[in-house]
Amino acid sequence: MRIGKGVNLFDYVKAHKLKNVIAAKVDGKIVDLNFTLDKESDVEFIDINSKEGLEILRHSAAHIMAQAIQTLFKNAKFAIGPAIENGFYYDVDIGRPLTQDDLKAIEVQMKKITAANYPFVRTNVSKKEALKLFKEKGDEYKVEIIESIPDEQVSLYQQGDFVDFCRGPHIPSTGYLKHFKLLSVASAYFRGDETRPSMQRIYGTAFATKEDLDNYLNFLEEVKKRDHRKLGKELDLFSINDDVGAGFVIWHPKGAMLREIIETFEKKEHLKRGYEFVRGPELLKTQLWKVSGHYDNYRENMYFTEIENVSFGIKPMNCLGHIQVYKSRLRSYRELPKRFFELGVVHRHEKSGVLHGLLRVREFTQDDAHIFCTKEQLNDEIIGVLDFVKYAMDIFKFDYEMEISTRPEKSIGTDEDWENATNALINALENTKRPYQINEGDGAFYGPKIDVKLKDAIGRKWQCATIQCDFTLPERFNLEYIDKDGLPKRPVMVHRVILGSIERFIAVLIENYAGDFPLWLAPIQARVIPVSEKFDNYANDVYEQLKKAEIRVDIEKRNETISKKIRYAELEKIPYVLVVGQKESEKNGVSVRKRKEGDLGLLSIDEFITKIKNESGGVL
Ligand SMILES: [Zn+2]
Ligand SMILES: [Zn+2]
């Protein structure tokens, strides 16, 4: 709306009884609500519930948290306090690590500040004045930040007795912050520089309503419960330890079985779709990584070693091995497309700080394939991969979204190649009427890609499949096929994964199902529990019969009460418990307990086998 010169926006909002307004956009620029128009302007009020509104609320909460910290810790020094997705943080230095009790005390102090409803007051000062102020306060981090900016005039914001250097905007007064919570504290370095003294990063969140805050806190609880690192340990799936090295996963029997199930599914589905299995070596000469462009564009993510004075790179991707298979003989147009598949183990350097359970590791397996085809075949090949993705996501019952990532700054190849490749991806999505978004500049260095993001049971999005179109590597490796006219032509290469990293996908599965795998994925589908030692022989007999029927079964041998044995099976989230005793052995049957459903009564062994086979849906 147009509002005239001289009007104060805060007064305007009050006079017009506008609700939930916390800031405004004046001629497109965001300002504090306490802003007086110096000319007639276009004004758009910012609602506290909008994306921008929440960002202002959360960033202001960081100021209020800093004020609370200053009250409690006189010598506290401050670095930066931005809003982030779903919350805010502030990097502070109080000379020691903060505890959970400190967080509680800070929160209590924040409540006093919000109750006092101090206005956020903006003043413009010279850079010199600002420097003097923070030097006097002894806050060397703020001094360094102010020194690093080019502007001669800077703005300060004060609420109560706390002054901060900031561009703004903020909420009009501290009372606007009503629903907030401090969440955690972690160590952080000033400007991420590990040579500097460690600071404390305090995370918090704030919402416009109590309901939104409660929902978010419940969500965080749910995330914690589903944490695959915690469940991986409880369900005895995998471990990672420092003796072996951070980022390297050790698979225990049940975790390895889960992998096996997924990998068997993958192999079967790839064979169905005309892929051929290939396998390249783990180490390839560094010279080859120079030809591919990996050495120039991806070296910091690779590990290198030497054999007899020759440098080798450990593969971070499987492309080069598959290219070698293609190049191993002359190819004719008649044999294209070639689809080479490998459950390829790759190694990538990740800093220890970013490693995270199975999600960020240094060694992982990709369900990787490379399709070599003619330009004319490209559209159909991409559609084939999109169908494959849909099939797999349906099996795992995931919804998903797709994004096209375009050319990044660091990239190889001509403009024309990039345009052709990007159009090929867009066309395949358009032709099959699949919705997608564009993600500018996020492509791989050798080509644009379609990224598939699946949605888990609690609404989180996870990257899994990618389809990358590549005109560059065929050029670099001089790949050819002999066309109809007898002349050599350049094939196109498609890099694609369906589930992505198997490690990562398993993390997603664990968190999605909260460890309660559907029958076809459960590493152990049924457990035989003899009621006493007397029935060990019969229990073994049942176990052998189920094994023969290819059911994943184990047998409870611990010397415990029957109710405890059932409890263990529940904790291990085993879908079926088969209790065997006198009655069962006489009738050659099992008493079946289904997880979450309870007693299903006595079934003959054959009936149980049929039941479990039907229920796994014939997937595996
Ligand atoms: Zn600020
Ligand atoms: Zn590749």
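Overview of results
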item	result
Over the chain: helical MRE at 222 nm, DSSP H runs n ≥ 4 each giving -39500 (n - 2.57), nearest 500	-11000 deg cm²/dmol
Linear extension gain, residue 571 paired with residue 600, 0.36 nm per residue minus alpha-carbon span	8.5 nm
Sparsely packed GluC sites (Glu not before Pro) within the range 394-483, loop by DSSP, other Cβ within 10 Å at most 15	409, 440
Reachable lysines, given that their alpha-carbon falls under 19 Å from the alpha-carbon of residue 449 and they are not under 8 places away in the same chain	375, 390, 410, 433, 461
Subset of 137/224; 210/230; 455/548; 17/111 violating a 31 Å alpha-carbon distance limit	137/224; 455/548
Neighbour-limited loop hits for GluC sites (Glu not before Pro), the range 267-344 (at most 15 other Cβ within 10 Å; DSSP other than H, G, I, E, B)	282, 308
Taking the range 467-620 and dividing mean pair separation by its residue count, relative contact order in percent (alpha carbons under 8 Å, at least six apart)	18
Virtual spin-label span in nm between residue 121 and residue 352, 7 Å along Cα→Cβ	4.9
DSSP-defined antiparallel bridges as percent of all bridges, the range 378-495, nearest 5	85
Inter-part distance where the range 92-169 and the range 473-493 are each reduced to a Cα centre, Å	62
Descending principal axes extents, the chain, alpha-carbon based, whole Å	87, 77, 55
Kyte-Doolittle mean at least 0.0, axial Cα span of 30 Å or more - DSSP H helices of the chain	51-72
FRET efficiency for residue 256 and residue 29, using Cβ-Cβ distance with R0 set to 51 Å, rounded to 0.05	0.35
GluC sites (Glu not before Pro) within the range 551-620, DSSP loop, no more than 11 other Cβ atoms inside 10 Å	597
Inter-label distance, nm, simple model (7 Å from Cα along the C-beta direction), residue 563/residue 285	7.1
Gained length - residue 1 relative to residue 432, 0.36 nm times residue gap less alpha-carbon distance	150.9 nm
Carbon plus sulfur fraction of accessible area for the chain, probe 1.4 Å, in percent	49
Distance (nanometres) between label positions extended 7 Å along Cα→Cβ at residue 414 and residue 544	7.1
Average accessible surface area per residue within the range 444-497, 1.4 Å rolling probe, Å²	34
Convex hull per residue volume in Å³, alpha carbons only, for the range 52-124	115
18 Å Cα-Cα reach of residue 583 towards aspartates and glutamates, excluding residues that sit fewer than 8 places from it in its own chain	533, 536, 541, 599, 606, 607
Förster radius 56 Å - calculated FRET efficiency between residue 482 and residue 233 (Cβ-Cβ, nearest 0.05)	0.50
Cβ-Cβ FRET estimate between residue 222 and residue 394, R0 fixed at 25 Å, reported to 0.05	0.55
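The values are calculated or read from the model by the stated rules, or taken from the named source; none is laboratory data. These numbers were taken from a predicted model, which means no experiment stands behind them. Reconstructed Cβ throughout: ideal geometry from the backbone, glycine too, with neighbour counts over all protein chains shown. Just the protein is used for accessible areas: all its heavy atoms, side chains included, with ligands, DNA and RNA removed. Shrake-Rupley method; radii C 1.70, N 1.55, O 1.52, S 1.80 Å.
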